[in-house]
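Peer 1: This structure is in structure tokens; I'll ask about it shortly.
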Amino acid sequence: MRTRVVTRLVATLLLAGFVTVATSAQQRQAPNVDIPPPPPEPVTEPPPPVEEPPPTVELSANLVTIAVVARGANGELVTDLTAADFAVYEDGKAQEVDQFFRQGEVPSLRLALLFDSSLSVRTRLDFEKRAASRFFSQAFRAGDQAALYSVASTWTLLQPLTGSVGSLVDATTHIEAGGTTSLYGAIIAASHYLGESDGRRILVLLTDGYDNAAKETLAQTLEVAQRHDIIMYGISPAGTGDSKSQVAKLGSAALNQLCEQTGGRAFFPAIEMTPEAEVRSLDSIYERIIKELQAQYVLIYYSNDPAKDGRFRKLKVDVRRPGVSVSARKGYYAR
């Protein structure tokens, strides 16, 4: 019995020693490897809140701009008026002038010279081109731009809007006489063209005013010009239109209406005997136009009739100073 117990004890000790030795061997054969902990999950920032665009505010008022030239009793330019000297009426209702600009403050020019190059001006073409070149040379100030159109059976934009006097002068050399006069179509095209730009939009028409292409009417032409806030100045090489010629009278009347309704002015110089005298006459008129453009006042108001109904509204500008009269456009189309 004692022998059996001893035998079991020895077996147990041997087994424990074997396990210990085996474990030690395994530990020597497969050393512990440090396994790094899993990386922390990235912290996702919540997306920023989407900002709603501010509500669009549509102004219901019509902003109306009027360029005005003031003259004294003898036709001299009056340049010392203030906003208090003017009264503006729309369809007979008084309007409050919101902004007022005078000489040196007015917006820059966007001007197009429409040069009648039909056969009727063939004998005067060269000196009229020279006068136009001098006009471009004298008319500009910083920020102004001009374009040149040749008007015959069709109209051609010889020089798009540019501030380069040299480019404009060079463009006049490409004017050639020929064909009839598509005047109204040229005015409509130039009005659309200038209407895409900011500034005072001026058309200077060197023509007798008679359109013998008969594709558009005078009324249609005037409406397009008024819708684009165009001011027209006209110079008729045909003289005053007082002759017995029906064509001359019709042209003179059309030129007067285009200019007066848009706030400009038509000039009818006497027909001179020599080209040199006619050049001097044209130079004098161009100089007068330049001075008037430089002496313009600009009045801005918000119409008290906010409806954008496309209707033509009559304008009237009065001056409270005695002996002073004004030229300004006679109306606009609400849009």
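Only the coordinates and a few stated rules stand behind these numbers; no lab work does. What you are looking at is a predicted structure, and each value in this text was computed from that prediction instead of being measured. Counting neighbours? That spans all protein chains shown, and the Cβs are built from the backbone with ideal geometry, glycine included.
Peer 1: Which FRET efficiency, nearest 0.05, do Glu96 and Gln294 yield, Cβ-Cβ r, R0 30 Å?
Peer 2: E(calc), rounded to 0.05, equals 0.65.
Peer 1: For the pair Lys249 and Thr79, how long in nm is the line joining their label points, each one 7 Å along Cα→Cβ?
Peer 2: Between Lys249 and Thr79, the simple spin-label model gives 4.1 nm.
Peer 1: Now for a different question. Scan around Gly264 for amide H atoms under 5 Å from its own, H built in the peptide plane at 1.01 Å from N, and keep only partners 5 or more places away or cross-chain.
Peer 2: It is Met232, by chain and number.
Peer 1: Right, here's the next one. What ranking of Asp91, Asp80 emerges when the number of other C-beta atoms within 10 Å of each C-beta is taken as an exposure proxy, fewest first?
Peer 2: Fewest-to-most Cβ neighbours within 10 Å comes out as Asp80, Asp91.
Peer 1: Which whole-Hz ³J(HN,Hα) couplings does the range 144-152 yield from phi under the Karplus relation 6.51 cos²θ - 1.76 cosθ + 1.60, θ = phi - 60°, glycine and proline marked x?
Peer 2: Values per residue, Gly and Pro as x: 6, 9, 9, 9, 10, 10, 9, 10, 9 Hz.
Peer 1: Please list, ordered by chain and number, the residues whose modelled amide H lies under 5 Å from the amide H of Ala213; skip anything fewer than 5 residues away on the same chain.
Peer 2: Thr181, Leu183
Peer 1: Follow-up. List the lysines whose alpha-carbon lies under 24 Å from that of Lys215, not counting same-chain residues fewer than 8 positions away?
Peer 2: Partners found: Lys249.
Peer 1: Would the range 109-295 count as rounded, prolate or oblate if I go by the C-alpha gyration tensor, calling it rounded below 1.5 in a/c and otherwise prolate when a/b exceeds b/c, oblate otherwise?
Peer 2: In terms of gyration-tensor shape, rounded.
Peer 1: Take the alpha carbon gyration tensor of the range 75-147, find the square roots of its eigenvalues, order them as a ≥ b ≥ c, and report rounded if a/c is under 1.5; if not, report prolate when a/b exceeds b/c, else oblate.
Peer 2: Prolate is the answer for the range 75-147, as a/c is 1.5 or above and a/b outweighs b/c.
Peer 1: Amide H of Gln159 versus every other amide H placed in the peptide plane: which residues, excluding those fewer than 5 positions away on the same chain, fall under 5 Å?
Peer 2: Distant-sequence amide H within range of Gln159: Leu148.
Peer 1: 7 Å from Cα along Cα→Cβ at both Leu157 and Thr274: what's the point-to-point distance in nm?
Peer 2: Here the modelled spin labels are 4.1 nm apart.
Peer 1: Further question: Taking the Cβ of each residue in Tyr302, Tyr210 as the centre, tally the other Cβ atoms inside 10 Å and list the residues starting with the fewest.
Peer 2: Fewest-to-most ranking of Tyr302, Tyr210: Tyr302, Tyr210.
Peer 1: Hey, rough spin-label estimate for Arg320 and Gln261, points 7 angstrom out along Cα→Cβ, what's it come to in nanometres?
Peer 2: About 3.3 nm, to one decimal.
Peer 1: Here is a further query. Could you go through the range 211-217 in sequence order and give the Karplus-derived ³J(HN,Hα) for each residue, using 6.51 cos²θ - 1.76 cosθ + 1.60 with θ = phi - 60°, rounded to whole Hz, and x for Gly and Pro?
Peer 2: These are the phi-based 3J(HN,Hα) values: 9, 9, 8, 6, 9, 10, 9 Hz.
Peer 1: I would also like to ask the following. When the Karplus curve 6.51 cos²θ - 1.76 cosθ + 1.60 is applied with θ = phi - 60°, which whole-Hz ³J(HN,Hα) does each residue of the range 79-92 get, with x for Gly and Pro?
Peer 2: Once θ is set to phi - 60°, the couplings for the range 79-92 become 10, 10, 7, 10, 4, 5, 7, 10, 10, 10, 10, 10, 6, x Hz.
Peer 1: Same structure, new question: Under the 0.36 nm per residue contour assumption, what length would be gained going from the current alpha-carbon distance of Ser137 and Thr173 to full extension?
Peer 2: Net length gain for the segment: 11.5 nm.
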